[in-house]
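The values are calculated or read from the model by the stated rules, or taken from the named source; none is laboratory data. Note that the coordinates shown come from a computational prediction; the quantities given were computed from them, not determined experimentally. Here the Cβ positions follow ideal geometry from the backbone for every residue, glycine too, while neighbour counts run over all protein chains shown.
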Amino acid sequence: MGKKVAILQSNYIPWKGYFDLIRSVDVFVFYDDVQYTRRDWRNRNKIKIAQGEHWLTIPVKAKGRFEQLINEVEISEPDWAAQHWKTIAMSYRRAPCFAELETRIRSLYEQAANLPSLSRVNQLFIEGLCPLLGIHTPLYRSEELGRAEGRNERLIHLCKAVGATEYLSGPAASCYLDESAFAAAGLDVSFMSYAGYPEYPQLHGEFQHAVSVIDLLFNTGGDASTFLRRRATDAP
């Protein structure tokens with residue numbers, strides 16, 4: 001029986017597709033010992049408020065730190081978590097499942113407030129939100145698994161380190177991934193599709209797929225996992 005792995009940088013309260021990727025594999029690796037990219041999903045994501053889409057951004061120390069890795073990024077303002085939760089609570093307090101999930105998700109923000117590392121904050125949320133979506137995939141950190149030199153070589157090493165036989169990649173990697181190198185290492189490669197997600201009842205205007213998964217959770221609660229099921233023809 002083959003073992004499928006996905007390897008991806010941690011994001012802040014990611015969208016549902018990120019969690020669907022985790023759901024689709026046997027093991028998932030946080031790839032946080034790589035270059036931090038500014039104005040990306042690492043330290044921010046979108047929710048919906050009455051006025052439309054709204055960015056929630058974790059303030060980080062980036063000035064002059066151009067070469068830092070994701071797992072080296074430090075948070076610069078300790079009160080960010082309380083501010084984010086206040087905005088979330090105001091925006092979703094009328095959502096059908098807010099009362100059901102308020103304590104669980106507020107607790108994650110209370111824990112996050114005490115963490116100085118962006119990577120650890122991101123991982124805390126992802127680890128805490130997975131069970132709410134019925135996801136129990138084992139999660140690893142790349143820095144704990146050793147490393148090799150070269151973009152493809154590093155990924156191949158991580159696949160081997162967790163005993164995988166197949167690598168499920170995000171669709172954007174198709175332009176640079178050397179599938180022949182993976183084949184030579186005895187690894188199959190497949191690419192995730194994010195097409196075909198059904199819409200769900202959503203507050204605040206026109207439906208948007210590309211918002212944080214907490215939007216899905218507050219609006220659908222225990223049914224959230226059903227909205228990760230894409231049309232069969234779009235599955236990886």
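Every condition in (1) under 21 Å from the mean Cα position of the chain (by Cα); (2) under 24 Å from N114 (Cα atoms); (3) surrounded by fewer than 19 Cβ atoms within 10 Å (Cβ to Cβ) holds for V73 except the one numbered (3). Only one of the numbered conditions (1) surrounded by 15 or more Cβ atoms within 10 Å (Cβ to Cβ); (2) in contact with a strand residue (DSSP E or B) (Cβ under 6 Å, 6 or more places away or on another chain) is not met by T57, and that is (1). Being hydroxyl-bearing (S, T, Y) and within 24 Å of L133 (Cα to Cα) is the requirement here; does S76 meet it? No. If you go through the range 27-74, how many residues are within 21 Å of W15 (Cα to Cα) and charged (D, E, K, R)? Of the residues in the range 27-74, 9 are within 21 Å of W15 (Cα to Cα) and charged (D, E, K, R). Is it the case that E67 is over 15 Å from the mean Cα position of the chain (by Cα) and within 22 Å of R141 (Cα to Cα)? Judged against the criteria, E67 is a match.
Going through (1) within 16 Å of the chain's Cα centre (by Cα); (2) modelled with pLDDT under 95; (3) in a loop (DSSP other than H, G, I, E, B) one by one, A172 falls short only on (3).
Yes/no per residue for (1) modelled with pLDDT under 95; (2) hydroxyl-bearing (S, T, Y):
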{"residue": "I13", "(1), (2)": "no, no"}
{"residue": "Y18", "(1), (2)": "no, yes"}
{"residue": "T37", "(1), (2)": "yes, yes"}
{"residue": "I47", "(1), (2)": "no, no"}
{"residue": "A62", "(1), (2)": "yes, no"}
{"residue": "E67", "(1), (2)": "yes, no"}
{"residue": "I70", "(1), (2)": "no, no"}
{"residue": "S76", "(1), (2)": "no, yes"}
